[in-house]
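The values are calculated or read from the model by the stated rules, or taken from the named source; none is laboratory data. This is a predicted model, so every value here is computed, not measured. Note: ideal-geometry Cβ built from the backbone for every residue, glycine included; neighbour counts use all protein chains shown. Heavy atoms of the whole protein, side chains included, go into the accessibility calculation; ligands, DNA and RNA do not. Shrake-Rupley method; radii C 1.70, N 1.55, O 1.52, S 1.80 Å.
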Amino acid sequence: MEEILTRTVDSLPTYETRDKSPPPPESSSLEFIQFYISLDKSQRPEFLFKLSSDFGVDHKCVAELCANVMDSQKRDISTVLQAEDRLRYCLTPRYKVLLNHISRVEGGVKFLVDLKADVIEILASKTNDSPHIRDLNGTLKSMLSEWFSVGLLSLERVTWKSPCELLQKISQYEAVHPVRNWTDIKRRVGPYRRCYVFTHGAMPGEPLVVLHVALKEEISDNIQTIVRGFSSLDAVEDINKVNAAVFYSISSTQPGLQGVELGNYLIKRVVRELQGEFPHLNQFSSLSPIPGFTNWLLGLLNEQRKEGPSNRILSDMEFRDIEEITGGQAYETMRKLLSTNEWVSSGHLVKALEPVLMRLCAWYLYGEKHRGYALNPVANFHLQNGATMWRLNWQADTSPRGLSASCGMMVNYRYFLQDTSANSSRYLKTKEIEASDQIRNLVLQFQKASKL
């Protein structure tokens, strides 16, 4: 490892020769790529640690130049700026020069995106949580954010006539509602449906983020009507039946681009595209899953079982109704039934649990926070984009996956275009969530019924 790094990672040119030094041979970049790909997955953390720790920033040089910057403060502004520029240049890690040159060889950008994915996985697994690895992660994120800025991305509508390889990748990358077969994907790009992707010139044929849209008469409250209830494949779209655009799936396809803003820009671009196609269209909303709700609720029920009635989440009447229907202790029975999805087989239990689960889910979305922002990642994404938490839908996804994730509930985040900028700014600055009366009323019911 040491040998390959010494051979392929050049020293940082001096400040005076930074614009005059010849680039390293392309063979160095290719040798580095081939060596890294050949490594076993278990060897990569050690290799990346050596790269980031032994070929990073020259800390001695930084210390000296920091002193120069301090000394220059009493001199003219030109001297100050030059001292600062020297320091800025010295803060460049040696390996960044190599990474820049790798980006210029064929397939180099995709390699760096995959390399970033490896770094993210290493940090998440705590395999190596060194400051050097974190700094490498930050350097890659900064580089990729610049290369994948929205002005360098191409918006492409996917149709049944798109290349087969692209359609296949979209099917494979679908993370929200799995594609069952070719007929399924044909329907998802067919009449009353739109599919858009962002692509990048350095990664041809590779969708970076995928957005599926259903064109409906009204904002949908059930995903099965979208992914299962299609018009015939040769139907002619009636413009009078297109009153709402429902974003029902958005999938980022490249783990290495985590933290690079793509999805929010894709939604904004697609809204403009649809307005151009349907000038009368003025309703835009997601129909979003609620990952994590069931796990959060099961944790709450476990606490409830241990702490007893001090922090009750059921009213006395609800408690009695559930015990009467199930014949068991309410909280323990709820925990078992929600763990297995068995509760949906009882109409009486479904009816009894609806008000309970609706208010709990509303609180989970609206009231549970991480660093002051919405805990749920999907909620946080749409709220950052300026959407309104608009409607919580009961039995909106009755698939096994939907029941396991969120007891079958889904939520609409509605985009009122005239308000999105103000909503986004307010949420990011004050962490205030814009929500409809329905959501606020459910939250109020939770607060009244619970002592949490």
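For (1) open to solvent by less than 10 Å² (accessible area, probe 1.4 Å); (2) closer than 30 Å to Leu115 by Cβ; (3) among the charged types (D, E, K, R), each residue gets a yes or a no:
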{"residue": "Val246", "(1), (2), (3)": "yes, no, no"}
{"residue": "Leu257", "(1), (2), (3)": "yes, yes, no"}
{"residue": "Asn264", "(1), (2), (3)": "no, yes, no"}
{"residue": "Glu273", "(1), (2), (3)": "no, no, yes"}
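When Asp129, Asp118 are checked against the criterion of being touching a residue at least 60 places away in the same chain (Cβ under 8 Å), outside the structural domain of Leu257 (by the TED database) and not in a strand (DSSP E or B), a single residue qualifies: Asp118. Remark: pairs (first residue in the range 170-189, of a type outside the set (A, V, I, L, M, F, W, C); second residue open to solvent by 70 Å² or more (accessible area, probe 1.4 Å); Cβ separation under 6 Å; 6+ apart in sequence or on different chains) = Lys186/Trp160.
Only residues that are assigned to a strand (DSSP E or B) and either among the polar types (S, T, N, Q) or modelled with pLDDT under 95 (or both) were counted in the range 411-433, giving 1.
When Gln395 is tested against (1) over 20 Å from Val227 (Cα atoms); (2) in contact (Cβ under 8 Å) with a residue 60 or more places away in the chain, exactly one condition is not met: (1). The residues of the range 357-384 that are polar (S, T, N, Q) and either open to solvent by less than 20 Å² (accessible area, probe 1.4 Å) or modelled with pLDDT under 95 (or both) amount to a single one, Asn376. Considering only the range 315-349, state which residues are open to solvent by less than 70 Å² (accessible area, probe 1.4 Å), free of Cβ contacts under 8 Å to residues at least 12 places away in the same chain and among the polar types (S, T, N, Q). Result: Thr333, single match. Of all residues in the range 283-301, those that are under 14 Å from Phe247 (Cα atoms) have Cβ atoms under 9 Å from Cβ atoms of residues that are β-branched (Val, Ile, Thr) and open to solvent by 20 Å² or more (accessible area, probe 1.4 Å), 6 or more apart or on another chain, in Ser286/Ile250; Ser286/Val378; Ser288/Val176; Ser288/Ile250; Ser288/Val378; Pro289/Val176; Pro289/Val378. Pairing each residue of the range 256-282 that is under 28 Å from Ile120 (Cα atoms) with any residue that is part of a helix (DSSP H, G or I) and open to solvent by 70 Å² or more (accessible area, probe 1.4 Å), provided the two are 6+ apart or on different chains, yields C-beta distances under 6 Å for Gly259/Lys141. Screening the candidates Glu174, Glu218, Glu165, Glu206 for the property of being touching a Gly at 6+ places or on another chain (Cβ under 8 Å) and not basic (Lys, Arg) yields one hit, Glu165. Of the candidates Arg312, Arg305, the single residue that is surrounded by 16 or more Cβ atoms within 10 Å (Cβ to Cβ) and outside the structural domain of Glu206 (by the TED database) is Arg312. Only one of the numbered conditions (1) closer than 16 Å to Asp238 by Cα; (2) of a type outside the set (Ser, Thr, Tyr); (3) surrounded by 18 or more Cβ atoms within 10 Å (Cβ to Cβ) is not met by Glu218, and that is (3). Just so you know, in the range 81-104 the residues that are among the hydrophobic types (A, V, I, L, M, F, W, C) and under 25 Å from Ser28 (Cβ atoms) include one that is farthest from the chain's Cα centre (by Cα), and it is Cys90.
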